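The structure under discussion appears below in the form of structure tokens.
The values are calculated or read from the model by the stated rules, or taken from the named source; none is laboratory data. Note that the structure is a prediction, hence the values are computed from the model and not measured. Please note: Cβ atoms are built from the backbone with ideal geometry, for glycine as well, and neighbour counts cover all protein chains shown.
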Amino acid sequence: YLLILITITDIFLFIYFLHFITRAVKYEVIIGRVHGETLQAIRKVCTRELPDAEEQDLPFEVFATRSGVYETYHPSLLKFCVEQDLRVQFTELPGTFVLRNGLLLRTSRPVSGEALEELLAHVDLARNGSMEGHYAFGFRQLTEMAMKALSPGINDPGTAMLALRCLFELFVYRLSHHPPVHVHDASGELRITRREWPFELLFTSTIRAIWDYGRNDRSIRHELKNLLAQLRSDAPGVDAMRRDVRAAIEQEG
């Protein structure tokens, strides 16, 4: 009976080991794929060495006629602006869920009737975000994977650290590459101004969320300390994160 019990125990341990390895490999593959797709999307969008200058707000507001995730606009919007002799300025960041009757954009002059309907038809409001819509979706996916890995039901800091490393690799690229936010017509007239994720907001919205879940995990604290030390940014949000991680490590005893 003892040999049977030992054999059964060994079988269960082997099955558990296979389950653990399979899950780890699965997460590693998914994280790697999301990282690669996000980097490809950033390279496509962030093509400037320096950020564009900010513009003053345009005077006239346009509100969404339905709810949805704002990601981008159709290329045909530029032609519409030229035909209407109009400037358009988006007020929301890509990936923002805009409610019906919520502020969506501003214009240089009042737009109403059929022209307003046509203007809104050039703006895509999706039910869900996607990598094709904007690279910020990839940052959000990596953040959510790290948070789920650190949840009490899973408790897998190794997967969370892998997601963190991928995020910081993306941060390094984003620091030196900026997205153009101004779109001009063929004659050089400014027609469209977009909002884009500044680096600091991208950093705080992802790393702070992971820190809320992982601040009590020793391996996460030390991984963040190592990654933050290599990130060449003196943005206030990054410095604040460095101080919080350092303070948490000092309290380890």
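Considering only residues in the stretch 156-188 that are touching an Asp or Glu at 6+ places or on another chain (Cβ under 9 Å) and in a loop (DSSP other than H, G, I, E, B), the one that is nearest to Leu77 (Cα to Cα) turns out to be Val181.
Could you tell me whether Glu55 is modelled with pLDDT under 85 and over 23 Å from the mean Cα position of the chain (by Cα)? Criteria met by Glu55. Against the numbered list (1) modelled with pLDDT of 95 or more; (2) within 22 Å of Val45 (Cα to Cα), Arg195 comes up short only at (1). Which one is modelled with the lowest pLDDT among residues in the stretch 1-52 that are more than 21 Å from Ser130 (Cβ to Cβ) and part of a loop (DSSP other than H, G, I, E, B)? For the stretch 1-52, the residue satisfying everything is Tyr1. Taking the criterion of being within 24 Å of Leu202 (Cβ to Cβ), crowded, with 18+ Cβ neighbours inside 10 Å and touching a His at 6+ places or on another chain (Cβ under 7 Å), the residues of the stretch 51-97 that qualify are Glu71, Tyr73, Pro94, Gly95.
Criterion applied to Asp124, Asp156 was being under 20 Å from Lys44 (Cβ atoms) and acidic (Asp, Glu), and the one residue passing it is Asp124. When residues in the stretch 230-253 are screened for being touching a residue at least 12 places away in the same chain (Cβ under 8 Å) and assigned to a helix (DSSP H, G or I), 11 of them pass. Taking the criterion of being out of contact with any Ser or Thr (no Cβ under 9 Å at 6 or more places or on another chain), crowded, with 18+ Cβ neighbours inside 10 Å, farther than 30 Å from Gln84 by Cβ and not hydrophobic (A, V, I, L, M, F, W, C), the residues of the stretch 157-203 that qualify are Thr159, Arg174. Taking the stretch 206-230 as the range and being within 15 Å of Phe139 (Cβ to Cβ), of a type outside the set (D, E, K, R) and surrounded by fewer than 17 Cβ atoms within 10 Å (Cβ to Cβ) as the test, only Ala209 passes.
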